[in-house]
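Every number in this text was worked out from the coordinates using simple rules, so none of it is lab data. Just so it is clear, the model here is predicted, and its values are computed rather than measured. Here the Cβ is made from the backbone with ideal geometry for all residues, glycine too, and neighbour counts use every protein chain on show.
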Amino acid sequence: PEETVTSSFASFIHAVRPEHLSKTVCHRSKRMILDSIGVGLVGSTTHVFDIALRYCRLYSSVAVSSVYGKPGVKLSPTLAAFTNGVATHSMDFDDTWHPATHPSGAVLPALLAASQMLPPSTKPNGMDFLLAFNVGLEVQGRLMHFSTEAHDIPKRFHPPSVVGTMGSAAATAKLLSLSTAQCTHALGIAASLAGAPMANAATQAKPLHIGNATRLGLEAALLAARGIEANPLILDDIPGCSGFSAFYSVYHPKPLSTPSDHHEFLLEKQDIAFKRFPAHLGMHWVVDAALSVRNLFINYAGSFSPSLIRTIVLKIPVSKYINRPFPSSEHQARHSFQFNACTALLDGEVGLSSFTESSIHRQELRELLDKVVVEHPEDNMANFDKMYGEVALLLHSGDVLTGKCDTFYGHWRKPLSKESLLKKFRSNASHVLPEEKIENIITVVDNLENLSDSSQL
């Protein structure tokens, strides 16, 4: 039969081999795995994670898969994937790619759960795990490149709930060694389980998007393995009958070539962004800009004195769900240009403690928020590869101090150093694990390709 876009993806998932992973791809993906585990561990301390865990423990099932930050607690594979996915995104601290999505959190929990689910005789090794993880990333990236709409900050669907579900299905299908036909059906089933609206951003429901993506992708692969069939043209653009194209107003799919001697993964060409503090990626531009102008202000006045400031001008791209003048909750604060800029100005940093109830409702912060004016320059695009953040302080004296950031530290154009990434991981993991176990995880991930049984991770 004639090859279709969908069949090309299924053939790729089935045929790709560990030797197709370059040193760069292995290095970058291991950094992603380590960061995602750390983010999941600190995320297991959150209220929304506790709710999700209590919900999952209502079910009586075969409990074989571990839960972040909860020694001795195990759930069924799908519920463990869901719970750990919620943990990963509970603080909006997880990695971000371009086009915009959170790729690791949608894939890693499913692979961790599936590794523990498989019987001892069929346990995948570390290289199998690393390959499956990269298959999940590759499928997400390729699908996002089918639409120009996906390159901008989203307005309709939260991307990881769409492409993340497909990536989880693809990654799990690879780990489970499904046939080409089963891979096709896993993608088709996953498409029926995908999608969440952007209106739930900045609420406790948003972490569920990642939890569902990784869980439902795993379920799609398991259902396909047991014989459930779906539309074999789910990724193709069929006039009059939407498949995956239903998620995008503009959709131009292209086949994915089956690797022979070589395959260049998207991660080879497009590195990942790691967040330095737990908030929406867009906040990192305005925080760096605010810290820059804060230093200018201290050199100007000798200390940071809010009373000298008449107006704070933020020049940011148009994006309604992260333009929040007066956030009243933790999750709203993580999605507020105004809050993060003013917190950076007031405290000289943004961190875990910035999003506690006491920090959010400080009178001195409210007074700064009252001074904020937002502008949307035409050249400031709502695109993580092209946007910038600018913070200007208009002083009562008539002087104007300005800080601007077009590439924050941690962006794919300015990657975190190994030292910075390890510092973030150790800080996050220390909330729930002793030092010895933290160092063990670092060692295991660093040598993942040599691990004989990936369930040890």
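Things worth noting here:
- Local net charge near residue 206, Cβ-Cβ under 12 Å (Lys/Arg +1, Asp/Glu -1): -2
- Per-residue [θ]222 nm for the chain (sum of -39500 (n - 2.57) over DSSP H runs n ≥ 4, rounded to 500): -14500 deg cm²/dmol
- Where the alpha-carbon atoms of segment 281-405 are placed on the principal axes, they occupy 36, 35, 20 Å, in descending order.
- Per-peptide average of other Cβ atoms within 10 Å, ordering 186-193, 221-228 highest first: 186-193, 221-228
- With contacts taken as Cα pairs under 8 Å at a separation of at least 6 residues, the chain carries a relative contact order of 21 percent.
- Listed peptides 36-49, 300-313 by packing density, highest first (mean Cβ within 10 Å): 36-49, 300-313
- Degrees separating the helix 47-56 axis from the principal Cα axis of the chain, which is the longest one: 20 degrees
- FRET efficiency, residue 313 to residue 70 (Cβ-Cβ, R0 45 Å, nearest 0.05): 0.50
- Relative to the longest principal axis of the Cα atoms of the chain, the long axis of helix 283-301 lies at roughly 20 degrees.
- Distance histogram in 10 Å bins (all Cα pairs of segment 401-457, percent per bin): 19, 35, 29, 11, 5, 1
- Segment 1-109: GluC sites (Glu not before Pro) falling in loop per DSSP and having at most 16 other Cβ within 10 Å: 2, 3
- Volume of the convex hull of segment 105-217 (Cα atoms only), normalised per residue: 99 Å³.
- The residues packed around residue 35, meaning those with a beta-carbon under 14 Å from its beta-carbon, carry a net charge of +3 if Lys and Arg are +1 and Asp and Glu are -1.
- Each semi-axis of the equivalent ellipsoid for segment 354-450 is √(5λ) with λ an eigenvalue of the Cα gyration tensor; in descending order they amount to 38, 22, 11 Å.
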